Structures are given as structure tokens and as C-alpha cells.
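A short worksheet on the structure shown next.
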Amino acid sequence: MGSWPNTQCQHQPDRLTDGLLESSTPSGCLIPLHTKAEVQNNVQIIQTYVATIHAKSANTVLKIVDDACRGLESINLNHLRRLVKPEYLPVYLQKDENKEQSRILGRIAVDSAGSTDVEVASPLAECNGQPSILHFLACATSVISRENLQSLLSSALPCSVNGLRPCIRVIKVPSTPPASHDQAEQFSQQYWPTVYKGGNPFGPHPSIFAHATEEIQHDAKDHMVLAMHAGLATSFEAKGEPIGAVIVDRSCSKGPIIVVVAGDARWNNVTKPQDRKSGNVMAHAVMRAIGMVAKKRLSLTNASQAPEMNGEQLNSFNDEPLNPLESDIYTRDVLAPGGYLCLDLELYLTHEPCLMCSMAILHSRFGRVVFGQRLPRTGGLTANIVGNHDSSTENLSSRPSYSLWWYPKLNWKLLAWEWVERDPPQASLSEQDIQA
């Protein structure tokens, strides 16, 4: 992800776009997208050893066990408290502890009468008159055997009671860190005392999203309105669907600058019978906008560096303006030369991009994306099925979610929002299997 100036940019007057905005300014808000991992929130549970030890031996036990596990295929349990006082155990463990105490105290009494059938140390047995007890979360059961752990603890504990071995039990704990304070509290009550360290293991850090939202929320509405007009312009001329895209550069000290405006043109010059069903997929609004940025950047470099394309290729990409709105923005000299990527630029879309366009957004290295209408059947950015203003969710449970904007296996990540209007329009493309 790229970075932006740590300042709030003021809106710059624009003779063309300001006229459009005055005629249509729907109010709305930015909703940060959730990653697939956040939505699924599948808590991975593993089994771990917990030993009851005396407080005075805590540091020694911790060091011996950690040294023994070092170099092995251990599991990171830094989000779990290693040493816990009895009163801070989850309720279910406190109940088990009371039962174990009663059982073992009874066995100790039998042992005093001459029985030798005793294997486990009393959790609350005193050591030199010191009843201070801690519960030690040792490691995952997959890392070391119970017998080896028992041997390590026996060598570390300063004393024993009636020759009994240390008390070890197996409990279940989450192997993934909590994503919020609330989830940490849930883990603490259900499994084992857990610490939330302020990060997000499933997506971007909350502070990153908060800062970025504050930067773009003041002008996001204007860019979304402009994208809507871009889509309507090409749709009115029967060149494409009412889907539009706007690319913005926020790195300028004067404020956010509109770099490219593009409407969908999938039906423009479509003559081949096989293309009449889906149209020219390379002329989706996103693909056209990306192509325009690349063409503008390359045109500013040495002409010898620009790739040569024949007329058919240029026509397929539709990477030149098709109407006065697109032309007015395209002809402005507002892009720095060099390369062809959209590094650190922002993309505003009327609709959620399809899988192809979502991957193109990632490959082009955008920094931020905002879209309006969710497309649950075909979109590539959202993870959860139900949109904020889309009630058409039947038969979508089996549809895979992608959340490509923050996909762990891809080498680029960005920030993404959904723009939710206060009064969404009645007409919706989400009821169709359209690819935006």
C-alpha cells in the first residue's frame, strides 16, 4: 500500500465537474470493507498443556519449557497469557480445578494411610507453607509429549508433595489472535485469558482505515457523482452499461486531482456474434480508466519507449475518450510521466468491479478503491454476501467470496470502501448477473 500526504486537501474548483455535482449530490457514507477472514472469522482451535505450578518457580519453569520448545515447530501463542492466577481462570476451568482439588486431596489422605496409587500432584498443594499458585500455559500438545513436559516440570519445581508428579491437563485455546477487544473478552471467557494487542490479524490495522477514511470522506461523494455521470454518458449513447469510473490523484499539494473519467463501453463497436452476450470485456469502465492512465503516462515519456499497438488493439481497449466529459478530463496535463501503473491513485466506481477488473486493479497498484452498488453474484472485492442496500441474496450462499482487495496470497493489498447512499435508487443492477 502506498502513502498519502498527512494533510486534508481542499476541493479545487472545476468548471465542468462542479456543474454536474450541483445538479445531483446524493448523500451517503463510507463503509470499510471486511476481509474474507474477518467475515468468516473461523477461530482455529488447538490443544495445549496447562500445568499448575508454584509462583516462585514461574520464571524457571517458563525458561526451561521455552528453551525445550525452541527450534521445534512451535505455534505462536503470544496472544494468550502464559501465567494466570486461579481467580482469573475461565469459569469452566475454575469448576474443574475445584473438582480436581477435592479428588486429589482425598487421594493424598489415602496415600498417608499407606496407599501408593498416586500419580498427580495437588493443584493447591503448599510448598514450604506458600500457597501461591499459578496456572502455566506451556505449549501446544503437538510440540512436545506429555511425558517430556512432565519431566521438564519435575526438574524445575522446587519441591513436591508426597512425591507426586506435577499436575498437567490439556485444554483447547484459539491459535489465532483476537481481532478486537470484544473477541479477546470472548476468548478469555470461553477458552483462556487472552490479550488484544491492538492489531488486526485478518486485515488492515483499524487506525490505517480510520486515517484513510478521514482523508477521503470530504470529497468521496463528489467523485462518486462524477462516476455516475460517466456511466450514464456512455449508456445514453448505447455504448455500454450505466457503470462509471473516476481516478483521483491525492498526492498533489493543491488537493485531490481528477486524472481520468471513464464510462462502460462494452457495446461500443461490437460486431462479432460471440461478443454480443457479454460485449467487449476489455471495455469495462475499470479497464478503460486504467488504459487511459497508462496511455497518458506513456505519452509523456519518450515516444520511443511507448509500445506500438495496431488499430484493432487500440479499438479493443477503448482507451481514448468517447464523449466530452471523458475528453475534458483526459486532455488535462495532471499526471507525472514514467511507467504505466496507477500507483497510489484512488479509484471511484459506481458498481463493485468483477473478478477480472478486481485483479486489474491490484495489478495496476491502486492504493484505494471506493464503489457504490454491490454485485453479489459477480463482484470480486466484497467478502460477505449481503450488501448494505441489496436485498437480492437468494441462492447466493454457495457463491464463493473473494475479497481480493486484501487477499493473503497476492503480493499487493489496498484499502476498499463501499459508498452507501442515504436514499439508494430503486433501479439496481445487482438483480442481474452483470459483470462490472
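Can you report the number of residues in the stretch 167-213 which are over 30 Å from ILE144 (Cα atoms) and among the charged types (D, E, K, R)?
Adding up the residues that qualify gives 1.
Of all the residues that make up the stretch 345-357, how many are over 14 Å from ALA283 (Cα atoms) and open to solvent by less than 50 Å² (accessible area, probe 1.4 Å)?
Total satisfying the criteria: 8.
So which of ILE243, ILE216, ILE247 ends up being buried (at least 19 other Cβ atoms within 10 Å of the Cβ) and touching a Lys or Arg at 6+ places or on another chain (Cβ under 8 Å)?
ILE216
Under 9 Å between Cβ atoms, at least 6 apart or on separate chains: pull out the pairs that start in the stretch 222-239 with a residue that is over 20 Å from ARG422 (Cα atoms) and in contact (Cβ under 8 Å) with a residue 40 or more places away in the chain and end on any residue that is outside any helix (DSSP H, G or I) and among the aromatic types (Phe, Trp, Tyr).
That search, which allows pairs on different chains as well, returns THR234/TRP267; LYS239/TRP267.
Could you grab the pairs with beta carbons closer than 9 Å, sequence gap of 6+ or different chains, first residue in the stretch 403-415 and farther than 18 Å from ILE31 by Cα, second one open to solvent by 10 Å² or more (accessible area, probe 1.4 Å) and assigned to a loop (DSSP other than H, G, I, E, B)?
TYR407/LYS413; TRP412/MET1; TRP412/ARG365
Return the total of residues in the stretch 78-92 being closer than 22 Å to ALA140 by Cβ and at pLDDT 90 or above.
Selection size over the stretch 78-92: 10.
Mind telling me which of the residues THR176, THR194 ends up being closer than 30 Å to ARG82 by Cα, β-branched (Val, Ile, Thr) and touching an Asp or Glu at 6+ places or on another chain (Cβ under 9 Å)?
THR194
When residues of the stretch 358-379 are filtered for being in a loop (DSSP other than H, G, I, E, B) and either open to solvent by less than 10 Å² (accessible area, probe 1.4 Å) or of a type in the set (A, V, I, L, M) (or both), how many remain?
Number of matching residues: 4.
Which of the numbered conditions does TYR196 fail, given that it passes all the others? Conditions: (1) open to solvent by 20 Å² or more (accessible area, probe 1.4 Å); (2) in contact (Cβ under 8 Å) with a residue 12 or more places away in the chain; (3) over 30 Å from ASN78 (Cα atoms).
Failed condition: (3).
Give just the number: which of (1) over 22 Å from ALA233 (Cα atoms); (2) assigned to a loop (DSSP other than H, G, I, E, B); (3) at pLDDT 85 or above; (4) open to solvent by 50 Å² or more (accessible area, probe 1.4 Å) does SER397 not satisfy?
Evaluating SER397 over (1) over 22 Å from ALA233 (Cα atoms); (2) assigned to a loop (DSSP other than H, G, I, E, B); (3) at pLDDT 85 or above; (4) open to solvent by 50 Å² or more (accessible area, probe 1.4 Å) leaves (3) as the failure.
Only one of these conditions is not met by THR25: (1) modelled with pLDDT under 70; (2) open to solvent by less than 30 Å² (accessible area, probe 1.4 Å); (3) of a type in the set (Val, Ile, Thr). Which number is it?
Condition (2) is where THR25 drops out.
The values are calculated or read from the model by the stated rules, or taken from the named source; none is laboratory data. If you're wondering where the values come from, they're calculated on a predicted model, not measured in any experiment. Cβ atoms come from the backbone with ideal geometry, glycine included; neighbour counts cover every protein chain shown. With ligands, DNA and RNA removed, areas are computed over all heavy atoms of the protein, side chains included. Shrake-Rupley method; radii C 1.70, N 1.55, O 1.52, S 1.80 Å.
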